[in-house]
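A.B. asks: What follows is a structure written as structure tokens; I'll ask about it next.
The values are calculated or read from the model by the stated rules, or taken from the named source; none is laboratory data. Just so you know, these numbers come straight off a predicted model, no measurement behind them. Here the Cβ positions follow ideal geometry from the backbone for every residue, glycine too, while neighbour counts run over all protein chains shown. Side chains are part of the model used for accessible areas, which takes the heavy atoms of the whole protein and leaves out ligands, DNA and RNA. Shrake-Rupley method; radii C 1.70, N 1.55, O 1.52, S 1.80 Å.
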Amino acid sequence: METLKEIEVVRPQIAEKLAEDALRGEVDAVVAFHDGDVRAAITTLLLDCHHLRLQLAFAEREMNCGMAPGRTQTVERA
């Protein structure tokens, strides 16, 4: 039973490491695109997030227009 607890603790750490390794190149590319200005890179990414949330809200609204009165359709958000 002790081994199972150790595995449960190790798996998230491995997943985090793999995700970190996979994203490292993308993060480096975004920062390089902004000539090393991390604040500018973060600002651009936040603006992208805001834009995508707005597009999602528009899509939800369009989906709801065709629904029966009182029924709504939502898109899951992470």
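A.B. asks: Taking the full set of protein chains and a 1.4 angstrom probe, give the accessible area of residue 47 in square angstrom, rounded to the nearest 10.
C.D. replies: Rounded to the nearest 10, that gives 110 Å².
A.B. asks: Additional query: Starting from the 7 Å offset along Cα-to-Cβ, what nm value, one decimal, do you get for the label separation of residue 56 and residue 18?
C.D. replies: 2.4
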